Amino acid sequence: LAKTTQPISMDSYEGQEVNITCSHNNIATNDYITWYQQFPSQGPRFIIQGYKTKVTNEVASLFIPADRKSSTLSLPRVSLSDTAVYYCLVGAGTASKLTFGTGTRLQVTL
Amino acid sequence: NAGVTQTPKFRVLKTGQSMTLLCAQDMNHEYMYWYRQDPGMGLRLIHYSVGEGTTAKGEVPDGYNVSRLKKQNFLLGLESAAPSQTSVYFCASSDKTGATYEQYFGPGTRLTVT
């Protein structure tokens, strides 16, 4: 299983771009990188998934360098409602192999 | 389309009591999962199922049993509750999408064992 390392917490002001980096040095060839968001008292919610280079959707962008040993979740112009815990998962095949670490707690303030 | 629902939302048990948590999904997903989340921690997989009639152990299965008699339902049982099982329990479901499976989570069940 690919172990992931994320910052424990981050702070941002509303309207700023936030970049959360995840390290996964022992990522395997067929592993994908997936990010989830969890609000207090709710279950996690899928944000974005990628394999290499850049993926963008209506919520976020995911940047993956060529060596794939890290990835960066980018949230453009965050708002107070983006305050949540963000989890980086690395794996492939069956979802039972995916491990949720402790995540990054993002606090957005005015 | 309710997605993933969990029953009950809250429960308080005394040590040694038993209970069953119900998870239901209406997305016709093959895979279902039970996680527990302790304060300040990530989610840990308890048991999972890759289809009706199948179950398998996850990372922390001890003290729990599961059943998947119907495709849409996944039950988590505690035969003899212990204070260490105080946690928030999340159910999730997924269908195969690419190399990893996007999971849809329920709202959680907050269980306290005294």
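Inter-label distance, A:THR21 to B:THR7: 4.9 nm, where each label sits 7 Å from its Cα along the C-beta direction. Backbone phi angles across the stretch A:105-110, fed through the Karplus curve with coefficients 6.51, -1.76 and 1.60 (θ = phi - 60°), yield HN-Hα couplings of 8, 9, 10, 10, 10, 6 Hz in residue order; Gly and Pro are listed as x. Between A:TYR13 and B:ARG110, the simple spin-label model (points 7 angstrom out along Cα→Cβ) gives 3.4 nm.
Springs between Cα atoms under 10 Å define the GNM used for chain A, and in it the highest mean-square fluctuation of A:THR21, A:THR34, A:THR56 occurs at A:THR56. The distance separating the Cα centre of the stretch A:50-110 from that of the stretch B:1-80 comes to 26 Å. Maximal additional length on extending the B:GLU52-B:LYS70 stretch stands at 5.9 nm, based on 0.36 nm per residue less the C-alpha distance.
Interface burial in the stretch B:70-111, defined as at least 10 Å² less accessible area with all protein chains than with the chain alone at a 1.4 Å probe, covers B:PHE90, B:ALA99, B:THR100, B:TYR101, B:GLU102, B:GLN103, B:PHE105, B:PRO107, B:ARG110. Within the stretch A:7-76, the GluC sites (Glu not before Pro) that combine a DSSP coil assignment with at most 11 other C-beta atoms in a 10 angstrom radius are A:GLU17, A:GLU58. When the Cα atoms of the protein assembly as shown are aligned to their principal axes, the ranges along those axes come out at 49, 39, 34 Å in descending order.
The ratio of the alpha-carbon radius of gyration of chain A to the globular-protein estimate 2.2 N^0.38 Å is 1.01.
Placing unit charges on the Cβ atoms only, positive for Lys and Arg and negative for Asp and Glu, gives the protein assembly as shown a dipole magnitude near 320 debye about its Cα centre. The lysine pair tally for the protein assembly as shown, using Cα distances under 21 Å and a gap of 8 or more places or different chains, is 16. Under a point spin-label approximation (7 Å from Cα along Cα-to-Cβ), what is the B:THR15-A:ALA66 distance to one decimal in nm? So the two model labels end up 6.0 nm from each other.
Overall, chain B carries a charge dipole of about 280 debye about its Cα centre when +1 sits on the Cβ of Lys and Arg and -1 on the Cβ of Asp and Glu, all other atoms neutral. For chain A, relative contact order (Cα pairs under 8 Å, six or more residues apart, normalised by length) works out to 37 percent.
Computed from the C-beta positions of B:GLU30 and B:ALA82, the FRET efficiency with R₀ = 30 Å rounds to 0.40. Place a point 7 Å from Cα of B:LYS96 in the direction of its Cβ. Which residues in the stretch A:23-42 have their backbone N less than 18 Å from it? Under 18 Å, as judged by backbone N against the label point of B:LYS96, lie A:30-32 of the stretch A:23-42.
The values are calculated or read from the model by the stated rules, or taken from the named source; none is laboratory data. Everything numeric here is computed off the predicted structure, so don't read it as measured data. Counting neighbours? That spans all protein chains shown, and the Cβs are built from the backbone with ideal geometry, glycine included. Accessible surface areas use protein heavy atoms only, side chains included; no ligands, DNA or RNA. Shrake-Rupley method; radii C 1.70, N 1.55, O 1.52, S 1.80 Å.
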